[in-house]
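Have a look at the structure below before the remarks.
Each reported figure results from applying straightforward, stated rules to the coordinates on display, with no laboratory input. Computed from a predicted model, the values in this text were never measured in an experiment. FYI the Cβ positions are ideal-geometry reconstructions off the backbone, even for glycines, and counts take in every protein chain you see.
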Amino acid sequence: METEIEVKNNEFERVLELSSKVPVVVDFYADWCMPCKMLKPILEGLAKEYKGKFVLAKLNVDGNSEIASKYDIMSVPSVKMFKNKKIIGEFSGLQQESAIRKWLDEKL
Amino acid sequence: MKNCEMKVDYDLIIIGSGPAGLTAGVYAARHHLKTLVMGKLVGGIASEAHKICNFPTYHEISGKELIEKMEEQVNKLGIKIENEEVIEIKKEKQGFLIKTDKKEHNARKIILALGREKRKINIPGEKEFLGKGVSYCAVCDAPFFKDKEVVVIGGSNSALTTSLLVSEFAKKVYIILRGDRLKGVPAQIHLVEKNKKIQIIFNSNIIEITGKNKVEKIKLDNGKEMNINGVFIEAGTIPPSKLAEQLGINLEDGHIIVNKKQETNIKGIFAAGDITNNFVKQVITAAAEGAIAAISAYEELSKEK
């Protein structure tokens, strides 16, 4: 099973459908944001390490503005966990790996 | 450099990956020191600068782009930059043991290039609405406030730069500051004063941020309330001095006291960049201090051979 996907052209239905099977952690990021660049490899590493316990969905707000607006994104990076099409957890800003690990363990 | 008595992982560990730490990395590599750079955010505060207009070779460059060029140079020289948070540093016989949130390393010399952190204003709503209208990074978040009304807290140069950037998107920007005058460089003050979208509210403090699911309103200490969509906080910076305090390093107002060689009062530990007690806090001076610190560490190691 794939551990990460990239959301393109506001095609978010796929993420919501997937969240009915496995929690999906959506990383709302932008290319202009340095904290986003730092967070990305941390989330990618954790997605591999958790081996399918969640799927990482990377969403560039620049090419997915409708979705970013729908979910009221006002800051990047913003991370939201979806389960059964609903948000069950979120955080914003760059966090240390240990803090994200703790957040994942609490939510999964 | 080789140590025959016991295995030491690195000649030099640089803690901090801003302009000071990255430049120290470049110089350390060119002096053939086995070096590791570690930091939480590559570039530190400089990576979030909208425009840097005073770094030689670039008339104007974004903080992110400048830092990426520095990072690339360090990487090309074979120095690793690890995203690790240092928890504790202990003095050992031949150097230092560095415990991070991931592992332990030891090194013969250390450069502390810890930079500075943005100051929180500690008012109700600040923490609750972080990412929901409250922001400390205008470069990251300004585009989300298109046609909105926002406030910028602070009167320093960074507050002015933030106001100018946000005004490119927002329909109205209020600068709220405690004092009765702006403190930025004249060029920035001039740009702010002639910008029709920006209004300055002097002698005022924000005391609360409220809203349902996101920022909707702020309260000022004069009793006034304002309907607002975003709050950008630029209330100055503080030096993260905890590690230095643990080590017994001499400080001046939280900044590490260094001499001309960037040496601290503890042999083997150097400091560079915004964390030091040097007068100027700029990308160019931080880089220079990083270079001096790396060369000083090399000289000290050479004498111990």
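Kirkwood hydrodynamic radius computed over the range B:134-233 comes to 13.3 Å, based on all pairs of distinct alpha carbons.
With contacts taken as Cα pairs under 8 Å at a separation of at least 6 residues, chain B carries a relative contact order of 21 percent.
Any chance you could tell me what percent of the C-alpha pair distances in chain B go past 36 Å? Tail of P(r) above 36 Å: 26 percent of Cα pairs. Relative contact order for the range B:134-233: 33 percent, from Cα pairs under 8 Å spaced at least 6 residues apart, divided by residue count. Across all Cα pairs in the range B:68-177, the calculated P(r) in 5 Å bins from zero up to the longest distance comes to 2, 9, 14, 14, 13, 10, 11, 12, 8, 4, 2, 0, 0 percent per bin.
Taking 0.36 nm per residue of separation and subtracting the Cα-Cα distance, full extension of the segment from A:Lys85 to A:Glu44 would add 12.6 nm. Applying the Karplus relation 6.51 cos²θ - 1.76 cosθ + 1.60 with θ = phi - 60° to the range B:88-103 yields 3J(HN,Hα) values of 7, 10, 10, 6, 10, 4, 10, x, 9, 9, 10, 9, 10, 5, 10, 7 Hz, where x marks Gly and Pro. Mean per-residue shielding of peptide A:69-78 is 5, counting Cβ atoms of other chains within 10 Å of each Cβ. Expressed as a fraction of 2.2 N^0.38 Å, the C-alpha radius of gyration for the protein assembly as shown is 1.04.
Relative contact order, whole percent, for the range B:132-186 stands at 40, derived from Cα pairs under 8 Å and 6 or more residues apart.
Spatially, the range B:145-207 and the range B:281-305 are offset by 37 Å when compared through their Cα centroids. Listed peptides B:189-197, B:113-121, B:83-91 appear in the order B:113-121, B:83-91, B:189-197 once ranked by packing, highest mean of other Cβ atoms within 10 Å at the front.
Eigenvalues of the alpha-carbon gyration tensor of the range A:4-107, scaled by 5 and square-rooted, set the equivalent ellipsoid semi-axes at 18, 17, 12 angstrom, largest first.
The largest-to-smallest principal axis extents of the Cα set in the range B:37-94 are 48, 23, 17 Å. Estimate the FRET efficiency between B:Leu97 and A:Lys107 by the formula 1/(1 + (r/R0)^6), using the beta-carbon distance for r and 25 Å for R0, to the nearest 0.05. E(calc), rounded to 0.05, equals 0.15. Using only the C-alpha atoms, the convex hull of the range B:181-297 corresponds to 171 Å³ per residue. Amide H to amide H distances under 5 Å link A:Glu4 with A:Leu56, where only residues 5 or more positions off or on other chains count and H is placed in the peptide plane. When each of the peptides A:2-11, B:288-297 is scored by how many other beta carbons lie within 10 Å of its residues on average, the order from highest to lowest is B:288-297, A:2-11. Working ranking of peptides B:59-70, A:84-95 by packing, defined as the average number of other Cβ atoms within 10 Å per residue, highest first, is B:59-70, A:84-95. All Cα-Cα separations within the range B:12-143 were binned at 5 Å from zero, giving a P(r) of 2, 10, 17, 18, 17, 14, 10, 8, 3, 1, 0, each value a whole percent of the pairs. Each Lys and Arg contributes +1 and each Asp and Glu -1, all at the Cβ; summed about the Cα centre of chain B, the dipole is approximately 140 debye.
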